Structures are given as C-alpha cells and as structure tokens.
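Engineer: There's a structure below that I have some questions on.
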Amino acid sequence: MKKILLSLLLAALLIGGAWVYYRYFYVESPRDAYLRTVSAAMLGDEEQFLAGFTDESRPLVAGLLALSRGDDARSSQRHPYYYLVTENIESVDTEEDHAWVRVKRAGDSGSRTHYDVPLLRKDHTWLIDALSFTGKERAVKLGR
C-alpha cells in the first residue's frame with residue numbers, strides 16, 4: 001500500500017512540475033507558435049486560430065473571417081487563410097520581442113514569392129500581428 005501511495009505521490013509531483021514548467025517558464029518558439037495557429041485553421045478551429053493573434057489585431061481577423069465565409073480560402077485573396085495558412089517556412093528572424101516568419105504559399109514558384117509574417121511576444125507566447133502584416137517582405141510599422 002505504501003508503494004502505491006508513494007508512486008502516486010511521485011507521479012503527481014512529476015505532472016505538477018511539468019505543468020509549472022510549461023505554464024510559467026517555457027517560451028514557445030515563433031516557428032511553433034505560427035504552426036500552432038496554422039494547424040488550428042487547417043482543423044477548422046476558428047477560436048484557436050484567432051487566439052494566435054495579438055489582442056489588437058484579433059478583431060480585424062475575426063471581421064475578415066466573417067466577411068469571407070462563402071469564399072474559398074485557397075483561391076480568394078480576401079480570405080485570411082489565403083496568406084497565413086501555409087507550413088512552408090523558409091526562415092525565422094527574431095529580435096527581442098519581435099519575430100518574422102518567412103513563408104511561401106504552397107504551389108507558388110519563383111524566388112520572390114515569399115513574404116514575412118510578423119509576430120510579437122506577449123506574456124510568454126508569440127502572437128501574429130495582423131496589423132503589421134503586408135504580404136511582402138519584412139516591414140516595420142513606425143507608427144506603433
């Protein structure tokens with residue numbers, strides 16, 4: 001009986017320690033944060049997809065999703081998924097609390113078809129900043 005209780009206590013300590021680490025100390029990489037948001041979109045989880053954006057840009061993306069409900073995400077450039085949902089990551093550049101994930105849409109050919117998706121670090125997680133997204137190479141918004 002003591003061995004069972006000791007085993008349960010040890011398992012609870014390990015699970016609790018892992019939870020504390022991932023909750024308070026683990027910082028997700030910009031690449032993983034981008035892929036988490038893209039995965040939510042691919043699975044149709046709109047709530048989790050919107051959670052991958054900054055608080056300031058979330059209403060914009062939600063509005064674009066509502067306006068483009070009947071459009072095909074793969075062919076309509078008005079749909080938010082058109083530019084953001086791709087897992088073809090070419091590179092990731094990080095500078096303190098800013099990151100740019102350089103991606104290329106599936107099926108695009110040519111050397112100049114890539115673009116940068118800006119991310120900001122907020123509360124130990126990276127979030128896409130749709131207000132700074134231009135669909136082109138890195139652009140820093142000076143008015144923010």
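Engineer: Can you tell me which of 21-33, 3-15 comes out highest on packing, and rank the rest after it, using the mean Cβ neighbours within 10 Å?
Structural biologist: The most tightly packed comes first, giving 21-33, 3-15.
Engineer: Given +1 on the Cβ of Lys and Arg, -1 on the Cβ of Asp and Glu, and no further charges, what dipole in debye does region 1-130 carry about its Cα centre, rounded to the nearest 20?
Structural biologist: 540 debye
Engineer: What angle, in degrees between 0 and 90 and rounded to the nearest 10, separates the Cα long axis of helix 30-43 from the longest principal axis of the Cα atoms of the chain?
Structural biologist: Roughly 80 degrees, rounded to the nearest 10.
Engineer: A further question follows. In degrees from 0 to 90, rounded to the nearest 10, what is the angle of the helix 2-20 Cα long axis to the longest principal axis of the chain?
Structural biologist: 30 degrees
Engineer: Can you give the relative contact order of region 28-132 as a percent, counting alpha carbon pairs under 8 Å and 6+ residues apart?
Structural biologist: Numbers: 161 pairs, mean separation 30.1, N = 105.
Normalised by residue count, the contact order of region 28-132 is 29 percent.
Engineer: Something else now. Based on the Cβ-Cβ distance of GLU56 and PHE25, what FRET efficiency does E = 1/(1 + (r/R0)^6) give at R0 = 41 Å, to the nearest 0.05? Don't jump to the answer; show the numbers that get you there.
Structural biologist: Working: r = 26 Å, r/R0 = 0.64.
Efficiency computed from Cβ-Cβ geometry: 0.95.
Engineer: While we're here: Residue separation times 0.36 nm, minus the C-alpha to C-alpha distance between LYS136 and LEU13: what's the value?
Structural biologist: Result for the pair: 39.5 nm of gain on full extension.
Engineer: Continuing with this model, one more query. Can you list which of the GluC sites (Glu not before Pro) found in region 41-103 are DSSP loop residues with at most 15 other C-beta atoms within 10 Å?
Structural biologist: Answer by residue number: GLU56, GLU87, GLU96.
Engineer: Which whole number in µm²/s is D for the chain by Stokes-Einstein, with the Kirkwood Rh taken over Cα pairs at 4 °C and 1.567 mPa s? Write down the numbers at each step before the final one.
Structural biologist: Details: Rh = 17.0 Å.
It comes out at roughly 76 µm²/s.
Here, each number is a calculation from the coordinates, and none is a lab measurement. No experiment lies behind these values; they were computed from the predicted model shown. Cβ sites come from the backbone with ideal geometry, for glycine too, and all protein chains shown count toward neighbours.
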